[in-house]
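In what follows, a structure is listed as structure tokens, so that the remarks can point back to it.
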Amino acid sequence: SPEAIVPMASELADVARNELKDPLLAISALERLRVAVPTHVPTLFLLSELFIGQRAWDKALVALAGACDASHEKNNKLVALSGRASIYRRVLGQPKAAEAELRKALALDDFDTRTIRNLLDLGSGIDPEERAMLLTRFVGGEIPPLDRMRALLELAEARRAISDDEGAESALV
């Protein structure tokens with residue numbers, strides 16, 4: 001039964017990964033678990049992590065998509081979408097696909113600072129007004145003081161670029 005398979009396969013994967021240092025055995029155990037319980041989110045996240053370690057990018061993307069689809073928690077979906085965006089951007093060199101994943105994440109949470117920062121870092125495809133709006137959301141979030149200071153300077157420049165001199169001054173003040 002799935003209730004019995006989940007703990008057994010999870011334990012086998014844990015032992016294979018951490019004690020035997022055999023990621024392929026861990027992947028094999030988790031793939032068998034995924035066959036029995038295809039929507040088990042922790043398994044999908046762990047599988048994606050192991051696939052990333054093996055540089056099996058397509059399989060990691062599939063596992064992360066599965067985690068996003070199967071989860072009912074917003075934070076899990078945000079992590080999965082951010083992970084997919086990171087693979088598309090940094091590994092596969094597909095900024096448009098990365099942007100699409102980040103926009104899906106932004107649709108879930110307009111104020112998620114990690115998603116906003118990643119979207120801003122993509123650069124292309126973001127018009128100056130949207131950039132200013134995203135930076136406004138970003139500085140309103142929970143970020144370290146040094147990051148907030150840099151973002152406020154960036155916001156002032158973005159506001160100046162769209163001829164919003166009062167907004168630029170406000171960001172600096």
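About its Cα centre, what dipole magnitude does the chain give when the only charges are +1 on Lys and Arg Cβ and -1 on Asp and Glu Cβ, stated in debye to the nearest 20?
Working: 22 positive and 27 negative charges, 111 e Å.
Using only the charged Cβ atoms, the result is roughly 540 debye.
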Exercise. Could you name the lysines whose alpha carbon sits less than 16 Å from that of residue 104, not counting residues in the same chain fewer than 8 places away?
Key: 74, 77, 96
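Counting other Cβ atoms within 10 Å of each Cβ, which GluC sites (Glu not before Pro) in segment 1-50 have at most 16 and sit in a DSSP loop?
Values: sites: 3, 11, 19, 31, 49; in loops: 19.
Taking segment 1-50 and a limit of 16 other Cβ atoms within 10 Å, the loop GluC sites (Glu not before Pro) found are 19.
For the chain, calculate the relative contact order in percent as a whole number, restricting contacts to Cα pairs under 8 Å that are 6 or more residues apart.
Working: 190 pairs, mean separation 18.2, N = 173.
Relative contact order of the chain: 11 percent.
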Self-check item: Computed P(r) (all Cα pairs; segment 24-72; 10 Å bins; percent)
Solution: 32, 60, 8
Quiz item: To the nearest 10 Å², what's residue 8's accessible area with a 1.4 Å probe?
Solution: 130
Exercise. Express the carbon and sulfur contribution to the solvent-accessible surface of segment 1-132 as a percent, rounded to the nearest whole number, probe 1.4 angstrom.
Key: 55
Self-check item: segment 1-153: Cα Rg divided by the 2.2 N^0.38 Å rule of thumb
Solution: 1.20
Quiz item: If you place +1 on the Cβ of every Lys and Arg and -1 on the Cβ of every Asp and Glu, how big does the dipole about the Cα centre of segment 1-87 come out, in debye to the nearest 20?
Solution: 300
Quiz item: Just going by the charge dipole of the chain, with Lys and Arg at +1 and Asp and Glu at -1 on Cβ, which of 118, 76, 87 is farthest out on the positive end?
Solution: 87
Quiz item: Do you know the relative contact order of segment 62-129, to the nearest whole percent, from alpha carbon pairs under 8 angstrom that are 6+ apart?
Solution: 23
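Classify segment 53-139 as rounded, prolate or oblate from the Cα gyration tensor: take a ≥ b ≥ c as the square roots of its eigenvalues, call it rounded if a/c is under 1.5, otherwise prolate when a/b beats b/c and oblate if not. Please list the in-between numbers first.
Numbers: a/c = 2.64, a/b = 1.42, b/c = 1.85.
Oblate is the answer for segment 53-139, as a/c is 1.5 or above yet b/c matches or exceeds a/b.
Pulled fully out, how much extra length does the chain show between residue 8 and residue 36, if you take 0.36 nm times their separation in residues and subtract their Cα-Cα distance? List each step's numbers first, then the result.
Details: separation 28, 0.36 × 28 = 10.08 nm, distance 1.20 nm.
Net length gain for the segment: 8.9 nm.
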Quiz item: Mind ordering 73-84, 159-170 by average Cβ neighbours within 10 Å, highest first?
Solution: 73-84, 159-170
Exercise. Could you do me a favour and compute the accessible area per residue for the chain, 1.4 Å probe, result in Å²?
Key: 57
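Mean Kyte-Doolittle hydropathy of 1.0 or higher plus an axial Cα length of 15 Å or more: which whole DSSP H helices in the chain meet both? Provide the component values of the computation, followed by the final result.
On the way: long enough: 2-18 (23 Å, 0.19); 23-36 (20 Å, 1.03); 41-53 (18 Å, 1.73); 57-70 (19 Å, 0.79); 74-86 (18 Å, -0.45); 95-108 (20 Å, -0.04); 128-139 (16 Å, 0.00); 145-161 (24 Å, -0.34).
Within the chain the helices that satisfy the rule are 23-36, 41-53.
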Practice problem: Rounding to the nearest 20 debye, state how big the charge dipole of segment 87-173 is about its Cα centre with +1 on each Lys and Arg Cβ and -1 on each Asp and Glu Cβ. | Solution: 460
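For n ≥ 4 DSSP H runs only, could you compute -39500 (n - 2.57) per run for the chain, divide by its residues and tell me the 222 nm figure to the nearest 500?
On the way: 10 runs with 132 residues, N = 173.
Rounded to the nearest 500, it is -24500 deg cm²/dmol.
The values are calculated or read from the model by the stated rules, or taken from the named source; none is laboratory data. A quick note: this is a predicted structure, and the numbers were derived from the prediction, not measured. Here the Cβ is made from the backbone with ideal geometry for all residues, glycine too, and neighbour counts use every protein chain on show. The protein model used for the area step is the full one, side chains on, heavy atoms only, and it has no ligands, DNA or RNA in it. Shrake-Rupley method; radii C 1.70, N 1.55, O 1.52, S 1.80 Å.
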